[in-house]
Amino acid sequence: MGPLTGPSPEDAATAAGIPEDVGWFRIDEAAAAGTARRAAADAGRRLGFPESRLGELSIAATELATNLARHAVDGRLLVRYLRRGGAGGVLLVAVDSGPGMADLAASGRDGHSTSGTLGIGLGAVRRLATRSDGYSLPGRGTVIAAEFWPRAAAGSGDDVAGNVDGIVRPMTGEKIAGDAYAVRHTAAGPLLLLSDGLGHGPLAAAASAAAVAAFHGAPDASPAAVVDHLHRRMSHTRGAAIGVAALDRAAGTVRFAGLGNIAAHVVRPGERRQLVSLPGIVGHQRRTVREFSYDLAADAAVVLHSDGLVDRWRVDDYPGLLDHRAITVAATLLRDAGTRRDDAGVIVAAPAAEPT
């Protein structure tokens, strides 16, 4: 089957900090795996990957998609453009709802197999990727994220300002999501935005696109000031629920300002603290914007999500998840807490994770 979101303009990744998805691909048969592989290769080609690197990207996409088609429940593959420091890359995120693996690291070693195959697929992805990460639980499923950059720009895969990433998915029947996220990197730490455009479809997406553009142009990095700036810049749209968080790991604090139904939490093993978001619609209905400050432990993550995710998830249900890349954390929460009846978006600022 085809992508669950529409194709991206090939120059859309040129704006730093603005994520751009090629699409979500439902992998329920071998033919769908081929469609996802072609989409990944086309993304690399548009970004100028050399032929040798295109071949490696295609191999990895084939391995991930084929594994989903053969073994997974509700397997999906996300293909995304990346842009850092003037270089372009491709991110692949494979997500499934089972059966899961007790030892993902062992499953990635050549020769390991639980189903009579050669067991080389995950090992090949790990070797070919600039950076990869994965998390799996028996009975819950697996998330594997792999970044690919041209060999000459391999260093572009390194984090420049922390372990921060997000993911969005449109509601069933829509090709474009009304949720969006963005990150700005300040001297103190990352500044996070999550926007949930009112309703769904193109008009909701337009509202969130306006929020992202205004966010990157905001003259002040204070969350309350950013929300106020977005409110003034979004009056021509249908409006959105907005959450903005500013992290300062050195000071051990996170400041948050939100209007509307954006859920925000500071989470760590054994603890989940909810951050206060006030009623309102950015761009239309605004009461006084208030900013709140919270303690942020070194091992804690900050999670913002729209109401497209139910709020009953607990990080304690995922042992060791916060030790992983933010994209892995975000994709795991989206898979298990996301609903199909609404656009779903989540952004995560996780503790530092070692790249693999």
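The values are calculated or read from the model by the stated rules, or taken from the named source; none is laboratory data. A quick note: this is a predicted structure, and the numbers were derived from the prediction, not measured. When we count neighbours, we look across all protein chains shown, and the Cβ atoms used for this are built from the backbone with ideal geometry, even at glycine.
Can Arg341 be described as in a loop (DSSP other than H, G, I, E, B) and either buried (at least 24 other Cβ atoms within 10 Å of the Cβ) or in the same structural domain as Ile176 (by TED's automatic domain parsing) (or both)? In short, yes.
Per-residue answers, yes or no, for (1) surrounded by fewer than 17 Cβ atoms within 10 Å (Cβ to Cβ); (2) over 17 Å from Phe292 (Cβ atoms); (3) in contact (Cβ under 8 Å) with a residue 12 or more places away in the chain; (4) aliphatic (A, V, I, L, M):
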site: Val212; (1), (2), (3), (4): no, yes, yes, yes
site: Leu230; (1), (2), (3), (4): no, yes, yes, yes
site: Ser235; (1), (2), (3), (4): yes, yes, yes, no
site: Thr253; (1), (2), (3), (4): yes, no, yes, no
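Within the range 274-300, the residues that satisfy the criterion of being within 25 Å of Ala250 (Cβ to Cβ) and surrounded by 22 or more Cβ atoms within 10 Å (Cβ to Cβ) are Leu275, Leu296, Ala300. For the range 33-63, taking the residues that are in a helix (DSSP H, G or I), hydrophobic (A, V, I, L, M, F, W, C) and more than 16 Å from Gly123 (Cα to Cα), the one that is modelled with the lowest pLDDT is identified as Ala33.
When restricted to residues that are at pLDDT 85 or above and among the charged types (D, E, K, R), the range 76-110 contains 4.
Pairs are defined by a Cβ separation below 6 Å, a sequence spacing of at least 6 or placement on different chains, a first member in the range 35-49 that is touching a residue at least 24 places away in the same chain (Cβ under 8 Å), and a second member that is in a helix (DSSP H, G or I) and among the β-branched types (Val, Ile, Thr); the pairs so defined are Arg37/Thr62. Here Val276 meets the list (1) over 19 Å from Ser195 (Cα atoms); (2) assigned to a loop (DSSP other than H, G, I, E, B); (3) modelled with pLDDT of 95 or more almost entirely, failing just condition (1).
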